[in-house]
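One structure is given here, and the rest of the page talks about it.
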Amino acid sequence: MTFLIEHKRIKRYIFSALLLYGGLYYGGLFMLKEPQAFSDLMGIGGEALTFWLLCAAQRLWPPEERQPWIFFATGMGLYTLGDFYWYLMEVPLGMEVPSPSLCDALYLVSCLFYLLALIHYIRQENRQFLLESSFNILISLLVSTAFIFKYTMLPLLQDPSLSLLSKGVKMMYPVFDLGFLAGIFSLLFYGTQNPVGQHQALFFIMASFILQFAADQLYTPGIYDSGSLLDPLWPISAGLLVLAALSPAPVQR
């Protein structure tokens, strides 16, 4: 009982810290005239802390339930390295980050680990649910693919300023987004059959990927620069994964 009380207290502290972090991040973006360096450092700091917390929190899960959190932590670590490389190129060196670059490689491998984490997490659900929800997920993905292709993929394909390699790399991001969206729909349909309040980890994972998906769709390739109002959304979405890892009720099989 003492452990559970202490566990809930730590979770409340992290939730409060996440709200404070978001407030400070957006406050700095609005107040500073040149927030690029501030935004990079806030993002890297938040992501590095998230990586450490995910490594610590996954130990609270049973060994057989731990693999998704190892993948989440690995993805977060690679994403942090990508942001750190971006910061080195942009601030100390004063260079424009090329496309494609090492950042893209780290981000895409990070997305791969996130997708693997979602797949392993969803495998913890029973097979009966997967069969029941597959048709709903397929219909939802077909509609979403049409919108993403029109507003994200098609402009990339028609951009004459991008090389073939750059187009191929940039096209990988919406492909991963579709994979994340499939995972979101899968967890959402599962939550309608099982009260989300009983599965807090499920709720926080959905909230994290919905926020990340929204930020990815609002992001405009070729125009983005550090200091954007989108910047806090990625580390905040990662912080929600920490709250998921600290939730005591995994998805039941």
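Laid out as a table, the results:
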item: Order of exposure, largest accessible area first, which applies to M76, M171, M95, M31 with probe 1.4 Å; result: M31, M95, M171, M76
item: List R12, R123, ordered by accessible area with a 1.4 Å probe, largest first; result: R123, R12
item: Segments 56-64, 201-209, 238-246, 81-89 sorted - mean Cβ within 10 Å per residue, highest first; result: 238-246, 201-209, 81-89, 56-64
item: Approximate spin-label separation E34-R59, in nm, with each point projected 7 Å along Cα-to-Cβ; result: 4.3
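The values are calculated or read from the model by the stated rules, or taken from the named source; none is laboratory data. Just so it is clear, the structure is predicted and the values come from calculations on it, not from any experiment. All Cβ positions, even for glycine, are placed from backbone atoms using ideal geometry, and neighbour counts span all protein chains on display. SASA here: full protein model, heavy atoms, side chains in, ligands and nucleic acids out. Shrake-Rupley method; radii C 1.70, N 1.55, O 1.52, S 1.80 Å.
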